[in-house]
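To keep things clear, I will list the structure first and then write my remarks on it.
The values are calculated or read from the model by the stated rules, or taken from the named source; none is laboratory data. All of these numbers come straight from a predicted model, not from anything done at the bench. Positions of Cβ are backbone-derived with ideal geometry, glycine not excepted, and every protein chain shown enters the neighbour counts.
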Amino acid sequence: MITTYASVPAGFTVYSDVNFMQFPAGEQHFTLGPAAQQQVPVRVLITGTDANDYIRAGLWIDYAHQHGNKVEAVIPYLPAARADRGEPFGAKVYANLINSLEADQVTCLDPHSPVMTELVDNLTIVESAGVIAADPRIAQRRYAGVIAPDAGAVSRAQKAADALGIPLFRAAKHRDFATGKLSGFSCEQLPDNGRLLVVDDICDGGGTFRGLAQSTGLGPDRLDLWVSHGVFSGQAARLRENFGSIFTTDSHPGHQNPDVNATILPVSSFMF
Ligand SMILES: O=P(O)(O)OC[C@H]1O[C@H](OP(=O)(O)OP(=O)(O)O)[C@H](O)[C@@H]1O
C-alpha cells in the first residue's frame, strides 16, 4: 500500500490529491486532483511488499523532484531483509529497488538485517525499544521481564528491556536456513510470577513464538508478544493459544489478520 503526503500553505500535512492508475498496457501512472496545485509533496509511505507500490512511489518522487521538492520515503518494513545471504540475494535486489526511487531520505522501522541497511542509501532507522516503552498499553502492564526469542533478537530485546527498566531473559532457537524449518528451543530460567513480553522484529507464521512459548511451559496468562512487523501468515492465528496480547504495527498488510486480532500501533503515530 502507498500513501502520499503533502504540506499546504496553512502549515498542515495532508494526503496528497493524487489518483494512481494503470495504463491499458499495464504501466503505473497517476493524475493530480485540483488540490494538488496548492500542495507541496513531502513524504510517501510504503507498507508491505507490492513491487507496483515502489513504481508508484518512484513516479511520485520524480514528480516532486521536477517541482524542486524533497521527499522522504517511509518504508517501515524493508522487504527481503531476511534474505540477507545466499542465493538469490534478495536484500540486494530490494535495496536496489528502494534506491531507484531516488528518495531524499528513507526511514525504516526495526530492520531485520544490518546487511540490508548497509545497502539502502540515505537510510534512517527507527528502533522498536522507544516505541514499545512509549506505548501506554505496554508500559502500564508492568512486565516482569522481556524475553528475546533467539540470538538475533537479543540486541533489540535488550534495548526494550532497558527502556522498560526490567530484566532480559534469553531464549535460543535453531532454524535450517535452506528449508526454513525450526528445530529446538530453550530459554533461561524465568521468574515464577508476573507477565513477560516476548520482543522480536517479525512474526511470519509464528512458529518461533509458539515454539518458544511451549518451551517455557507458560500460557497466555503469563506471555504477551511484541513484533514490529506483523506478517501473520499460515498458522499465525494459533499464537492465540500461547499469548494473551499481541502487539504490532501496520508496517505490513498481514497485521490485519482477523484471527490473530493483534493490537495495532500505526507507524504514522511515531514515524512522522
Ligand atoms: O514467525 P516465524 O515464521 O517463526 O518467523 C519469525 C522469525 O523469523 C525471523 O528470524 P529468522 O529466523 O529469519 O532469522 P535469522 O536471520 O536469524 O535466520 C524473525 O526475526 C523471527 O525471529
Would it be correct to say that I264 is closer than 30 Å to Y15 by Cα and within 12 Å of the ligand (Cβ to nearest atom)?
no
Considering L197, L190, L225, L218, which residue is away from the ligand (no atom under 12 Å from the Cβ) and assigned to a strand (DSSP E or B)?
L197
Tell me, yes or no, whether segment 166-180 has at least one residue that is under 18 Å from G244 (Cβ atoms) and more than 11 Å from the ligand (Cβ to nearest atom).
yes
Looking only at segment 228-242, count how many residues are in a loop (DSSP other than H, G, I, E, B) and either of a type in the set (S, T, N, Q) or crowded, with 24+ Cβ neighbours inside 10 Å (or both).
4
Screening I132, I166 for residues that are within 30 Å of S269 (Cβ to Cβ) and within 22 Å of the chain's Cα centre (by Cα) leaves only I132
Do we find that A160 is under 24 Å from G219 (Cβ atoms), of a type in the set (A, V, I, L, M) and away from the ligand (no atom under 12 Å from the Cβ) in this structure?
yes
Is it the case, given these coordinates, that S251 is assigned by TED's automatic domain parsing to the domain that holds G152, away from the ligand (no atom under 13 Å from the Cβ), of a type in the set (S, T, Y) and surrounded by fewer than 16 Cβ atoms within 10 Å (Cβ to Cβ)?
no
Candidates R240, R222, filtered to the one that is in contact with a strand residue (DSSP E or B) (Cβ under 7 Å, 6 or more places away or on another chain) and in the same structural domain as R156 (by TED's automatic domain parsing):
R222
Top-ranked residue in segment 110-136 [being out of contact with any helix residue (DSSP H, G or I) (no Cβ under 7 Å at 6 or more places or on another chain) and of a type in the set (A, V, I, L, M); ranked as farthest from the ligand (Cβ to nearest atom)]
A134
The condition of being in contact (Cβ under 8 Å) with a residue 24 or more places away in the chain and over 18 Å from the mean Cα position of the chain (by Cα) holds, among G211, G230, only for G211
